[in-house]
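The values are calculated or read from the model by the stated rules, or taken from the named source; none is laboratory data. The structure presented is a predicted model; accordingly, all values stated were derived computationally and were not measured. Here the Cβ positions follow ideal geometry from the backbone for every residue, glycine too, while neighbour counts run over all protein chains shown. Just so you know, the surface numbers come from the protein's heavy atoms only, side chains and all, with ligands and any DNA or RNA stripped out. Shrake-Rupley method; radii C 1.70, N 1.55, O 1.52, S 1.80 Å.
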Amino acid sequence: MLPEYKLYPQLRFMGNKYRLLPWIEEELSCLDYSSVLDAFSGSASVSYLFKTLGKRVYTNDFLNFTSTLGKAVIENRDVRLDTAQIKALCRPPGKGEEDRETFIRNTYEGIFYSPKDLDFLDLISFRLTGMNDPYKKALVMSALIRSCVKKQPRGVFTISGDLSRYDDGRRDLKLSLQEHFTEQMALYNRSVFDNGRNNRAFRGSVFDFDTEAYPVDLVYMDPPYVPRSDDNCYVKRYHFLEGLSGYWKGEEILYNTKVKKIAKKYTPFSYRREALSAFDRMFSQFRESILVLSYSSNGYPDLEELCTLMGRYKDRVEVKSRDHRYHFGTHDRVRRSRVQEYLIIGR
Ligand SMILES: C[S@@+](CC[C@H](N)C(=O)[O-])C[C@H]1O[C@@H](n2cnc3c(N)ncnc32)[C@H](O)[C@@H]1O
């Protein structure tokens, strides 16, 4: 028997659909499909649901850290780290490790975490370079990512420096990154399972996804929204995780910014003047599959426009809707907004 989606180590990630999974499962249950592409996989929560339903799952996202999560929990069918391996990763630095890089400590001291936490990230990153198994690497990195999110107030990397005003005594803020990591490794190990399918995790723009090499019955699309006011850029919020996932190699670091973020990555879905044609192109690209678009009432383009657009490629377009309460942090407050969540289904 396949496990339940609740085994998934839920990640605090903007726009994640974890709390909507039972609804998504129910609304899609009448559709006939055995393979699916989660084209904007993010935290990989929806991919994980599909995996527990026994589907062949392809995850795709244009960020490296999100693709790493996909590799660890979706593509990976049976690789885990044992206790001795986890302990070995956490042991104090030994002979031959004195000259390791200390980029993270050098760059982020005084910005994020304690010097001890930053040393730990440098050390594990160094040890990861000596690890060959791609799934073990992805699991370790996923556990580090979730540790970093838990320990960072609000889980976003737009805030830095003296964060004592956010300290409400929460355990997550008290534990060291090493303590978090040990706990997270156990959770990620537990989330690994084989659903008997050849699942794959890809990294790339949705427009580069090779539908001929990897045809699927259904494409689930959960793109970012055109921002109303506050910037919704994923790199701006999660630049530290994106950098960490590849030890900042090849990244352009904006040293003049307070939080030493990396350069934004372009996506047409974030621009009002480009979003409509991006949706059109994407629906056309996946026209051979059942189309499922997650969307919400505060998004642009509006529901009617999107349905009309999907109707160009599909005979039948249906809308399912549900109330959803989002919590999202701005710089000083947490706003809660009630929005209508939609699934636009084209067959
Ligand atoms: C709303 S989030 C997806 C949330 C996800 N369904 C979950 O449950 O966590 C949108 C994702 O789209 C990714 N993204 C943005 N533009 C993209 C593009 N052009 N191609 C592929 N991924 C993109 C972002 O990195 C982000 O992870």
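Looking at the structure I just gave you, is PRO9 at pLDDT 95 or above, under 21 Å from PHE193 (Cα atoms) and outside any loop (DSSP other than H, G, I, E, B)? Judged against the criteria, PRO9 is not a match.
Okay, residues lined up against (1) surrounded by 20 or more Cβ atoms within 10 Å (Cβ to Cβ); (2) within 24 Å of PRO153 (Cβ to Cβ):
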residue: PRO227; (1), (2): no, yes
residue: LEU244; (1), (2): yes, yes
residue: LEU293; (1), (2): yes, no
residue: MET310; (1), (2): yes, no
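Whenever a residue of segment 40-51 is closer than 12 Å to TYR220 by Cα and in contact (Cβ under 8 Å) with a residue 60 or more places away in the chain, its partners that are near the ligand (Cβ under 8 Å from one of its atoms) and of a type in the set (Lys, Arg), lying with C-beta atoms within less than 8 angstrom and at least six residues away or across chains, give the pairs VAL46/LYS17.
The set of residues in segment 210-224 that are surrounded by fewer than 17 Cβ atoms within 10 Å (Cβ to Cβ) and either in contact (Cβ under 8 Å) with a residue 40 or more places away in the chain or touching a helix residue (DSSP H, G or I) at 6+ places or on another chain (Cβ under 6 Å) (or both) comprises THR211, TYR214, PRO215, ASP217.
Matching residues to (1) under 11 Å from the mean Cα position of the chain (by Cα); (2) open to solvent by 10 Å² or more (accessible area, probe 1.4 Å); (3) within 10 Å of the ligand (Cβ to nearest atom):
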residue	(1), (2), (3)
GLY15	yes, yes, yes
TYR18	no, yes, yes
GLU25	no, yes, no
LEU28	no, no, no
ALA39	no, no, yes
GLY42	yes, no, yes
TYR48	no, no, yes
PHE62	yes, yes, yes
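Summed over segment 295-306, residues that are touching a residue at least 12 places away in the same chain (Cβ under 8 Å) and either among the aromatic types (Phe, Trp, Tyr) or open to solvent by 10 Å² or more (accessible area, probe 1.4 Å) (or both) total 6. With respect to the stated conditions, LYS71 is within 16 Å of the ligand (Cβ to nearest atom), touching a strand residue (DSSP E or B) at 6+ places or on another chain (Cβ under 8 Å) and open to solvent by 40 Å² or more (accessible area, probe 1.4 Å). Within segment 246-266, the only residue that satisfies the criterion of being surrounded by 15 or more Cβ atoms within 10 Å (Cβ to Cβ), touching a Lys or Arg at 6+ places or on another chain (Cβ under 8 Å) and without any contact (Cβ under 8 Å) to a residue 40 or more places away in the chain is LYS264. Checking TYR33, TYR18 one by one, the residue that is touching a Leu at 6+ places or on another chain (Cβ under 7 Å) and hydroxyl-bearing (Ser, Thr, Tyr) is TYR33 and no other. With the structure loaded, tell me whether ASN76 is more than 16 Å from the ligand (Cβ to nearest atom), among the polar types (S, T, N, Q) and surrounded by fewer than 16 Cβ atoms within 10 Å (Cβ to Cβ) or whether it fails that test. Spelling it out, it is not the case that ASN76 is more than 16 Å from the ligand (Cβ to nearest atom), among the polar types (S, T, N, Q) and surrounded by fewer than 16 Cβ atoms within 10 Å (Cβ to Cβ). Whenever a residue of segment 16-37 is in contact (Cβ under 8 Å) with a residue 40 or more places away in the chain, its partners that are of a type in the set (Asp, Glu) and open to solvent by less than 10 Å² (accessible area, probe 1.4 Å), lying with C-beta atoms within less than 7 angstrom and at least six residues away or across chains, give the pairs LEU20/GLU341. Of the residues making up segment 187-209, just one is touching a Leu at 6+ places or on another chain (Cβ under 7 Å) and open to solvent by 60 Å² or more (accessible area, probe 1.4 Å), namely ARG190. Just one of the numbered conditions (1) out of contact with any helix residue (DSSP H, G or I) (no Cβ under 6 Å at 6 or more places or on another chain); (2) assigned to a loop (DSSP other than H, G, I, E, B); (3) within 12 Å of the ligand (Cβ to nearest atom) is not true of GLY54: (3).
Considering segment 82-126, and only residues there that are touching a Phe, Trp or Tyr at 6+ places or on another chain (Cβ under 8 Å) and outside any helix (DSSP H, G or I), the residue that is least open to solvent (accessible area, probe 1.4 Å) turns out to be PHE112.
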